[in-house]
């Protein structure tokens, strides 16, 4: 049976610029509802999973959804843009955000992201994985969530983590960074003496842009985020150049990738002011 591997990440639920359900219930606080930008982001999220559901029906594939880290946000650095400081509230919102994915996927893998966002050892992601009915648990770690997912889907070998071993913020070197990351991962397998197990894909999130490359027989993929630019992004000078949001999918069968693509949505950019 073919396998449809679907990867999203960097939801940053609880950040005012991240994925947010239409109704975010907060204990002993007023219910939060996202503004126009947040609603547009939510529509893109729903459309993404509707697209995956359609692919599933067309192909008869088993859907393996990977939620690739930074799924919630506590932001230990700056709480200004946080919707709630209550972990119970945040986890409830994360569960609501995950529902469209959980309903389409046959199996779900929850990957741990950055401690600054999701707590020590990916606490929020671990809780989400425990509360997700079809989540595949990590036997090696004895946990519900994963630091590293080395898996075979439809016979295709995949190595998946939240953090890439290299990246680039220069537009003209992003794809080169994806190639470097693939080469680094492939080299690690060779050093371990398991060259035959070099993954066909090395997949990462965290960098908040999408890119692709290939090196040493391994394809590198940086997955786009599902979050808009926040104050940190403005500090990096990216506020007027909003990255597309979305995810990546691949239809795999008998050890080969039949088709793959990024599905992305452009978000509204700042208005250009003109003198009257």
Exercise. Under 17 Å from the mean Cα position of the chain (by Cα) and more than 23 Å from residue 264 (Cβ to Cβ), is that true of residue 93?
Worked result: yes
Seminar exercise, completed: Within the range 33-42, the residues that are crowded, with 20+ Cβ neighbours inside 10 Å and either touching a helix residue (DSSP H, G or I) at 6+ places or on another chain (Cβ under 9 Å) or in a loop (DSSP other than H, G, I, E, B) (or both) are 34
Problem set entry | Among the residues listed as 138, 121, the single one being at pLDDT below 95, touching a strand residue (DSSP E or B) at 6+ places or on another chain (Cβ under 8 Å) and farther than 17 Å from residue 11 by Cα | 138
Exercise. Of the residues that make up the range 227-249, is at least one on the phi > 0 side of the Ramachandran plot, modelled with pLDDT of 95 or more, surrounded by fewer than 17 Cβ atoms within 10 Å (Cβ to Cβ) and outside any strand (DSSP E or B)?
Worked result: no
For this session: Filter the range 59-83 for residues that are out of contact with any helix residue (DSSP H, G or I) (no Cβ under 9 Å at 6 or more places or on another chain) and crowded, with 20+ Cβ neighbours inside 10 Å and give the result.
Result: 64, 66, 68
For this session: Evaluate the following for residue 159: is it over 26 Å from residue 54 (Cβ atoms) and surrounded by fewer than 17 Cβ atoms within 10 Å (Cβ to Cβ)?
Result: no
For this session: Assess whether residue 91 counts as being in contact with a helix residue (DSSP H, G or I) (Cβ under 6 Å, 6 or more places away or on another chain) and farther than 18 Å from residue 248 by Cβ.
Result: yes
Exercise. Only one residue in 199, 165 is in contact with a helix residue (DSSP H, G or I) (Cβ under 7 Å, 6 or more places away or on another chain), crowded, with 19+ Cβ neighbours inside 10 Å and either modelled with pLDDT under 95 or more than 16 Å from residue 9 (Cα to Cα) (or both). Which one?
Worked result: 199
Exercise. Any idea which residue in the range 1-32 is nearest to the chain's Cα centre (by Cα), counting only those that are surrounded by fewer than 19 Cβ atoms within 10 Å (Cβ to Cβ) and modelled with pLDDT of 95 or more?
Worked result: 22
For this session: Filter the range 168-196 down to residues that are at pLDDT below 90 and closer than 25 Å to residue 262 by Cα and give me whichever is surrounded by the most Cβ atoms within 10 Å (Cβ to Cβ).
Result: 169
For this session: Would you mind telling me which numbered condition in (1) surrounded by fewer than 17 Cβ atoms within 10 Å (Cβ to Cβ); (2) at negative phi; (3) modelled with pLDDT under 95 residue 217 fails?
Result: (2)
Exercise. Out of (1) surrounded by fewer than 20 Cβ atoms within 10 Å (Cβ to Cβ); (2) at pLDDT 95 or above, what's the single condition that is false for residue 145?
Worked result: (1)
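The values are calculated or read from the model by the stated rules, or taken from the named source; none is laboratory data. Note that the structure is predicted; figures quoted are calculated from it, not measured. Counting neighbours? That spans all protein chains shown, and the Cβs are built from the backbone with ideal geometry, glycine included.
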